[in-house]
Amino acid sequence: MNLSDDDFTLFDLPQRFAVDRAELDARWRALQSEAHPDRFAADGASAQRLAMQWSVRINEAYRRLKDPLARATYLCELRGAPVRAEDNTAMPAAFLMQQMAWREALDEAETLDAVEALNDDVRADERRRLASVAAALDDVGDATAAAAEVRALMFVARFRQDIARRLEALEH
């Protein structure tokens with residue numbers, strides 16, 4: 001193993017957005033077992049520190065690869081199209097209008113059913129956008145288009161958190 005390998009190489013997976021979650025989980029368990037610091041107890045403190053570094057690296061890669069948004073962001077970066085969400089917030093007008101409509105709908109939703117219906121709509125939009133990212137990265141090879149979609153998905157994810165908070169408040 002090489003600490004500088006990308007996450008996909010570390011997990012011996014193809015550099016694709018589509019990931020078999022069961023395979024990813026199995027490889028994570030195998031890598032963690034291989035790098036667990038307890039396995040190196042007889043080899044001294046230096047070997048245990050290195051094993052701990054490996055364990056941290058494996059966990060970071062696993063967290064990134066199992067989260068579709070983080071995986072897409074990472075793939076865009078690997079392919080030379082960083083998402084740059086912190087300094088590139090320009091979005092198409094239609095998307096911004098949709099965001100405003102969703103916000104207004106959430107503000108006006110007074111019942112659990114209304115918020116759940118909005119959540120279903122937003123979740124469907126999120127699934128469509130994830131499919132678009134998958135197609136851009138895995139089928140077309142357009143990391144720039146994928147990065148733009150990832151930025152939109154980041155907005156959607158934040159809005160879904162707002163919906164979750166509202167649902168929680170209505171359920172109590």
Problem - Point-charge dipole on Cβ atoms (K/R +1, D/E -1) for the stretch 7-66, about Cα centre, debye to 20 - result: 200
Practice task
In whole Hz, with x marking every Gly and Pro, tabulate ³J(HN,Hα) for the stretch 99-107 from phi via Karplus 6.51 cos²θ - 1.76 cosθ + 1.60, θ = phi - 60°.
Solution key: 4, 5, 5, 4, 4, 4, 4, 5, 4
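Please compute one quarter of the surface area of the Cα convex hull for the stretch 7-66 and express it in square nanometres.
3.8
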Exercise for the section: With a 10 Å radius around each residue's Cβ, average the other Cβ atoms per peptide and rank 159-170, 84-95, highest first. Expected result: 159-170, 84-95
Fill in the blank from the handout: For the chain, the longest principal axis of the Cα atoms and the Cα long axis of helix 112-134 enclose an angle in degrees, to the nearest 10, of 50
Practice task
Kindly provide log₁₀ I(q)/I(0) values, in the same order as q = 0.14, 0.21 Å⁻¹, from the Debye equation applied to equal alpha-carbon scatterers of the stretch 93-171.
Solution key: -0.50, -0.90
Exercise for the section: Mind giving me the nanometre distance, one decimal, between the label points for Asp25 and Glu168, set 7 Å out from Cα along Cα→Cβ? Expected result: 2.5
Problem - Relative contact order %, the chain, counting alpha carbon pairs below 8 Å whose residues are six or more apart - result: 24
Handout entry: Helix axis angle, 68-78 relative to the chain longest principal axis, alpha carbon, degrees
Key = 70
Practice task
Select from Val83, Val19, Val56 the residue whose mean-square fluctuation is largest in a Gaussian network model of the chain (Cα-Cα springs shorter than 10 Å).
Solution key: Val56
Practice task
Would you kindly state how much longer the chain becomes between Arg127 and Arg79 on full extension, computed as 0.36 nm times their sequence separation minus their alpha carbon distance, in nm to one decimal?
Solution key: 15.0 nm
Practice task
Using amide H atoms built 1.01 Å from N in the peptide plane, name the residues 5+ places from Asp6, or on other chains, whose amide H lies under 5 Å from its own.
Solution key: none
Practice task
For the chain, count the residues as N, evaluate 2.2 N^0.38 Å, and divide the Cα radius of gyration by that value, please.
Solution key: 1.28
Problem - Packing rank of 7-15, 97-105, 140-148, where each peptide gets the mean count of other beta carbons within 10 Å, highest leading - result: 140-148, 7-15, 97-105
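Every read-out reported here was derived from the displayed coordinates using simple, explicitly stated rules and does not represent laboratory data. All of these numbers come straight from a predicted model, not from anything done at the bench. Counting neighbours? That spans all protein chains shown, and the Cβs are built from the backbone with ideal geometry, glycine included.
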